[in-house]
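A quick write-up on the structure given underneath.
The values are calculated or read from the model by the stated rules, or taken from the named source; none is laboratory data. On a predicted model such as this, the values are computed, not experimentally measured, just so you know. All Cβ positions, even for glycine, are placed from backbone atoms using ideal geometry, and neighbour counts span all protein chains on display.
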Amino acid sequence: MFIGHFAVGFAGKRVAPNASLPALFLAALFADVLWPLLVAVGAEQVRIAPGNTVITPLEFASYPWSHSLLMLIIWGGLFVAYYRARPDGRRVGFVLGALVVSHWVLDWITHGPDMPLWPGGPKYGLGLWNNITGTMIVEIAMLAVGVFLYASVTKARDGIGRWAFWTLIILLFGAFVFDSIDATPPPSVQAIWISALIATAVTLAWAWWIDRHRETVEDATV
């Protein structure tokens, strides 16, 4: 899953209005933030295998510490503990923790049977990535709902708050469509984790920028 993770991050603002957009994104993408770091040091493995699925030429050979259900529950619990003492911390922490765990559920839907329940445990996956039409319908629909929920509880303070927000949506959508129809293999594993880290850093910085130029609409949250 790609834009689906961003979608649940956007949607989380509806439930936790005091959570910042970069925090929501970080939680929803936490597995994919941790993964390239672990690949870089050799703790997890990915292979370039064209044809592995219709959507991606990558084979996720081993990622028990970043993508297993048990570890994501543990990582999510750390988010809950970290935010516990902050204003509205219980709600924010719970939502962020749930977003961390949601990564496993969404990847279970799209990946083949490579999502472990725990390190060394059985692996599952429904394989939506083998159906390009189904993948695009599900992820685009999720993004539309997530953006709608976020936009329904926030408003732009200025022009930056409007165009930076909608530009990010367009770029995420465009990147998803391009990657879905062009499964050109990357040149190396190193290129995979380097590009993943750069993309994550840019996206989180952009989310921080958006957050500084948007504000929560009063009485519009649950």
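Could you check, for the stretch 150-159, whether at least one of its residues is within 19 Å of the chain's Cα centre (by Cα), surrounded by fewer than 19 Cβ atoms within 10 Å (Cβ to Cβ) and in a helix (DSSP H, G or I)? Please lay out each step first, then the result.
Let us first name the residues in the stretch 150-159 that are within 19 Å of the chain's Cα centre (by Cα), namely 150-151.
Filter once more, keeping what is surrounded by fewer than 19 Cβ atoms within 10 Å (Cβ to Cβ): 151.
Filter once more, keeping what is in a helix (DSSP H, G or I): 151.
Scanning the stretch 150-159 turns up at least one residue that is within 19 Å of the chain's Cα centre (by Cα), surrounded by fewer than 19 Cβ atoms within 10 Å (Cβ to Cβ) and in a helix (DSSP H, G or I).
Which condition number does residue 2 fail, the rest of (1) modelled with pLDDT of 95 or more; (2) within 8 Å of the chain's Cα centre (by Cα); (3) among the aromatic types (Phe, Trp, Tyr) being met?
Condition not satisfied by residue 2: (1).
Select, from 99, 72, the only residue that is in contact with a Leu (Cβ under 8 Å, 6 or more places away or on another chain) and either surrounded by fewer than 21 Cβ atoms within 10 Å (Cβ to Cβ) or at pLDDT 95 or above (or both). Give the steps one after another, and end with the answer.
Values: 72 fails: in contact with a Leu (Cβ under 8 Å, 6 or more places away or on another chain).
Sole residue among the options that is in contact with a Leu (Cβ under 8 Å, 6 or more places away or on another chain) and either surrounded by fewer than 21 Cβ atoms within 10 Å (Cβ to Cβ) or at pLDDT 95 or above (or both): 99.
Only one residue in 219, 182, 211 is at pLDDT 95 or above and of a type in the set (Asp, Glu), so which one is that?
Numbers: 219 fails: at pLDDT 95 or above; 182 fails: at pLDDT 95 or above.
After applying the criteria, what remains is 211.
Any residue in the stretch 39-58 that's loosely packed, with under 15 Cβ neighbours inside 10 Å: show its pairings with residues that are among the hydroxyl-bearing types (Ser, Thr, Tyr) and at pLDDT 90 or above at Cβ separation under 8 Å, as long as the two are six or more apart or on different chains.
Note: pairs meeting the criteria are 45/62; 45/63.
Looking at the stretch 201-213, I want the residues that are outside any helix (DSSP H, G or I) and have a partner that is among the charged types (D, E, K, R) with Cβ atoms under 7 Å, at least 6 apart or on another chain. Which pairs are those?
Final answer for the pair search is 213/157; 213/158.
So which of 188, 195 is closer than 30 Å to residue 43 by Cα, free of Cβ contacts under 8 Å to residues at least 40 places away in the same chain and exposed (fewer than 15 other Cβ atoms within 10 Å of the Cβ)? Steps first, answer last, please.
Details: 188 fails: free of Cβ contacts under 8 Å to residues at least 40 places away in the same chain.
Criteria check complete, one pass: 195.
Before we move on, is residue 165 among the aromatic types (Phe, Trp, Tyr), part of a helix (DSSP H, G or I), within 20 Å of residue 10 (Cα to Cα) and more than 14 Å from the chain's Cα centre (by Cα)?
Numbers: among the aromatic types (Phe, Trp, Tyr): yes; part of a helix (DSSP H, G or I): yes; within 20 Å of residue 10 (Cα to Cα): yes; more than 14 Å from the chain's Cα centre (by Cα): yes.
The answer is yes for residue 165.
Can you tell me which residues in the stretch 168-216 are farther than 25 Å from residue 15 by Cα and aromatic (Phe, Trp, Tyr)?
The answer is 176, 178, 193.
Can you pull out the residues in the stretch 7-36 that are closer than 17 Å to residue 198 by Cα and more than 16 Å from the chain's Cα centre (by Cα)?
None; the set is empty.
Criterion first (closer than 24 Å to residue 24 by Cβ and among the acidic types (Asp, Glu)) does residue 88 satisfy it?
Numbers: closer than 24 Å to residue 24 by Cβ: yes; among the acidic types (Asp, Glu): yes.
Taking the combined requirement at face value, the residue satisfies it.
Name the residues in the stretch 15-38 that are surrounded by fewer than 20 Cβ atoms within 10 Å (Cβ to Cβ), among the hydrophobic types (A, V, I, L, M, F, W, C) and under 18 Å from residue 214 (Cβ atoms), would you?
15
Look through the stretch 110-126, keep the residues that are crowded, with 17+ Cβ neighbours inside 10 Å and touching a residue at least 40 places away in the same chain (Cβ under 8 Å), and return whichever of them is farthest from residue 52 (Cα to Cα).
116
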